[in-house]
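Peer 1: Quick one: the structure is below, and I'll ask about it shortly.
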Amino acid sequence: MSTRQIHVFISHAWAYSQHYDTLATWIFKEPWSVGQASLDFHDYSVPKDNPIHNAPNTQALQQAIFNQIARSHVVVIPSGMYANHSKWIQKEIKAAKDHNKPILAVSPWAQEKNADIVVSNADNHVGWNKQPLINAIWNLYYAKNK
């Protein structure tokens, strides 16, 4: 059985960290496999408690975040309506596009509307369910790393 290391950046508005917390638990806290491949997910996100937040200025913070995106294989973005108004999520989408990283939009549970900025830039879009989330990350990773 082979092991695939997959680096995942989960974008989120820090005021909505519960979305990050749920997605991170699903992705990083459980063992996953596809066929004969064992999936070893690594978190390249910037959660609220990450030391990157101590960057001396906005430019340094942005560069640190963009470096994490550049090192990731897949960028996961909750498509809550707050994303339309988040300058950071918009910058992270641009960074993902600039670094040719696939974007996975995830509709938060019971969300009827999605942020256009996220959905229109996503390579795939799934609902708030573990297995479809993992399958979509794997498919986006595999398509780029055959």
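Peer 1: Counting just the residues of the range 103-135 that are crowded, with 17+ Cβ neighbours inside 10 Å and polar (S, T, N, Q), which one comes out nearest to residue 69 (Cα to Cα)?
Peer 2: Of everything passing the filter in the range 103-135, 121 is nearest to residue 69 (Cα to Cα).
Peer 1: Name the residue that is modelled with the highest pLDDT, counting only residues in the range 84-102 that are outside any helix (DSSP H, G or I) and of a type in the set (S, T, N, Q).
Peer 2: Here the answer is 100.
Peer 1: Could you run through the range 81-102 and say how many residues are hydroxyl-bearing (Ser, Thr, Tyr) and either over 17 Å from residue 20 (Cβ atoms) or surrounded by fewer than 17 Cβ atoms within 10 Å (Cβ to Cβ) (or both)?
Peer 2: Count: 1.
Peer 1: How about the range 136-146: which of its residues are of a type in the set (Ser, Thr, Tyr) and either part of a loop (DSSP other than H, G, I, E, B) or surrounded by 17 or more Cβ atoms within 10 Å (Cβ to Cβ) (or both)?
Peer 2: Scanning the range 136-146 gives a single hit, 141.
Peer 1: Of all residues in the range 110-146, count the ones that are under 19 Å from residue 29 (Cβ atoms) and of a type in the set (Lys, Arg).
Peer 2: Here the count works out to 1.
Peer 1: Let me ask another. Hey, any hits in the range 62-77 for a residue that's closer than 17 Å to residue 12 by Cβ and among the hydroxyl-bearing types (Ser, Thr, Tyr)?
Peer 2: yes
The values are calculated or read from the model by the stated rules, or taken from the named source; none is laboratory data. Computed from a prediction, not measured in an experiment: that's the story for all the values here. In this analysis, Cβ positions are derived from the backbone assuming ideal geometry, glycine residues included, and neighbour counts consider all displayed protein chains.
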